[in-house]
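To start, the structure itself, in structure tokens.
The values are calculated or read from the model by the stated rules, or taken from the named source; none is laboratory data. From a predicted model like this one, the values you see are computed outputs, not experimental measurements. With ideal geometry, Cβ positions are generated from the backbone for all residues, glycine too; neighbour counts draw on all protein chains shown.
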Amino acid sequence: MCDDITKQTVNILTPVMNKNDRFAASNRELLNGKIIYTLNLISSPGAGKTTLLESMARFFGSKMAVIEGDVQTDRDAERIRKAGCQAWQIETGGSCHLDAEAVNHALGHMDLESDELALLCIENVGNLICPSSYDLGENLKVGLLSLPEGDDKILKYPSLFSRISVLVINKMDLLPHIDFDVNRVIDECRSLNPEVLVFTVSAKTGEGMEEFCDFLENQFSD
Amino acid sequence: MHELSLAKDMTRIIGKVLGGCKPLDTVNITIGPLSGISPESLRFCFTEVAKMEGFGEPRLVITETEAKLICLDCDAEYQAKEFYQGCPLCGSFNRRILSGREFTVDSVEIMEGTD
Ligand SMILES: Nc1nc2c(ncn2[C@@H]2O[C@H](COP(=O)(O)OP(=O)(O)O)[C@@H](O)[C@H]2O)c(=O)[nH]1
Ligand SMILES: [Mg+2]
Ligand SMILES: [Zn+2]
């Protein structure tokens, strides 16, 4: 009888990211409604996401708020608060990425009512692969790559670098000490994503930060 | 390994349509080559998750689609199996992605009389 067992087929026809995308849409609606421009910052661990955000916090002050998803300790959020803006730490429970539901939950804990608040930055979990598939409801996906990681990373992580709108190359202060071809990185990133905008900065020394922050300010004052 | 959470999303979606968990014979899914999902690690994770959550040990049948791209230099529309394939006519990588990021659970097959 084995060959003859009838199988019943049940259609599912459901995109797996459906639930995430519903939360992302609801985050986007909430944030756009409050006229808050939102940025999803993705990089490998140690590329300088928190340092970049500290530097931005000094520039934007109370115009900016941060959702910190990077590590489970409260340390990164504390660094941001010290630099002068509101920060909420997501407990990721060891997950390799943030999803839109976690961000939705975080938004419920934050004070989004201030008229001054115009920019929300989400520091994703340090990982170049997993966060790339999850829309969080952001307006801008930003990839951060730092010089010590090497200039061959773009084509190794095409899923991320094809989806970002802005590439920030960080730790430019190390350029004299590291063999890193900035143009190669830019060319390879454009080959995945012709419209990507590139900023070269040092979050540590502040080099290039004004151009990057001016660009963001133009985005949210439009 | 976001494939682990994706595998859990898959069983959540299947369980919702079936109104609970039951042993499955086959699960048919579609993955686009630009989705950022590794079929091998998804298969590995799904096997574990399905067993753990009471869906048995179904065969996971993965349809891998081709991506559709449009060349921004010569306007050719072309298909690609991965990110590193440029325009077949002019070689350019200057292009827009039309599709290739899909990831869907298409259907499941259940043995009659096992519910
Ligand atoms: N030389 C240099 N070091 C930096 C720069 N930005 C960050 N760092 C250092 O890189 C390390 C990791 O930075 P962090 O911001 O915690 O990275 P995250 O894991 O991406 O959040 C710290 O030791 C920082 O001081 C930079 O522009 N130049
Ligand atoms: Mg950090
Ligand atoms: Zn072409």
One residue from B:20, B:15 being in a helix (DSSP H, G or I) and farther than 23 Å from residue A:132 by Cβ:
B:15
When residue B:61 is run through (1) modelled with pLDDT of 95 or more; (2) surrounded by 15 or more Cβ atoms within 10 Å (Cβ to Cβ), the failure sits at (2)
Residues of the range B:76-101 satisfying the condition of being among the small types (Gly, Ala, Ser) and either away from ligand 3 (no atom under 13 Å from the Cβ) or under 28 Å from residue A:15 (Cα atoms) (or both):
B:80, B:86, B:99, B:100
How do the pairs read when you match residues in the range B:15-30 that are not assigned by TED's automatic domain parsing to the domain that holds residue B:48 with residues anywhere that are surrounded by 15 or more Cβ atoms within 10 Å (Cβ to Cβ), using Cβ under 8 Å and keeping only pairs 6 or more apart or on different chains?
none
Which of (1) of a type in the set (A, V, I, L, M, F, W, C); (2) within 27 Å of residue A:100 (Cβ to Cβ); (3) under 17 Å from the mean Cα position of the chain (by Cα) is the odd one out, the single condition residue A:117 does not satisfy?
(3)
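Here is a yes/no grid of residues against (1) within 14 Å of chain A (Cβ to nearest Cβ); (2) under 22 Å from residue A:133 (Cβ atoms); (3) among the aliphatic types (A, V, I, L, M):
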position	(1), (2), (3)
B:38	yes, yes, no
B:47	no, yes, no
B:53	no, yes, no
B:59	yes, no, no
B:72	yes, no, yes
B:76	no, no, yes
B:83	yes, yes, no
